[in-house]
Amino acid sequence: MNRKVMDLWVGIFVAIGFAAVLFLALKVSNFSASSFASTYEITAKFDNIGGLKVRGPVKSAGVVVGRVADIRFDPQTYEANVLLRIDSQYAFPKDTFASILTSGLLGEQYIGLDAGGDERMIPPGGKIAKTQSAIVLEKLISQFLFNKASEGKKNAGNE
């Protein structure tokens with residue numbers, strides 16, 4: 001094999017390697033070709049978003065129906081305003097319930113949408129009225145320990 005053919009094959013393999021690294025980087029960052037599909041935006045307010053991140057999935061019945069587009073803090077209400085970008089092929093009733101859930105015990109957090117029964121749909125730019133904040137594991141553990149300490153004091157006082 002002469003030198004030019006060898007250089008050509010090395011160049012092709014290097015280009016394939018760069019393409020593979022780019023593909024993996026896009027997959028890891030949750031940025032895919034589906035983000036160029038037609039979408040509409042709705043907002044939801046939460047008291048606590050936990051570890052929710054921008055580009056986190058929005059799921060309904062376990063199916064990804066959109067992504068978190070933006071998260072902002074509202075200094076007037078002291079709540080987090082979360083902007084959801086939903087694929088336009090999905091429409092949700094006005095009484096849809098949004099909650100922040102976790103994949104597995106320590107997995108990523110996502111927004112779960114539970115569709116209601118209202119016949120009217122949330123319009124583009126609309127708001128989800130019913131939300132449930134993230135469950136923070138540290139708060140649950142501290143409440144459990146505080147309750148156990150309180151029970152211990154009550155039992156010691158009864159003796």
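Coordinate-derived values only; no laboratory data. Please read all numbers here as calculations on a predicted model, not as lab measurements. Cβ placement follows ideal geometry from the backbone for every residue including glycine, while neighbour counts extend to all protein chains displayed.
The table that follows gives values for the structure above.
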item: Most mobile listed residue (108, 41, 119) in the chain, GNM with C-alpha springs under 10 Å; result: 119
item: Beta bridges per DSSP with both ends in region 1-129, % antiparallel, nearest 5; result: 85
item: Residue 69 long-range amide H proximity, modeled H, under 5 Å; result: 55, 83, 84, 85
item: Most mobile of 137, 52, 145 in a GNM of the chain (Cα contacts under 10 Å); result: 145
item: Computed magnitude of the charge dipole of region 36-113 (debye, nearest 20; Cβ of K, R +1, Cβ of D, E -1); result: 180
item: Distance cut-off 27 Å, percentage of C-alpha pairs in the chain lying past it; result: 45
item: Within a Gaussian network of the chain (alpha carbon springs, distance under 10 Å), most fluctuating of 61, 134, 80; result: 61
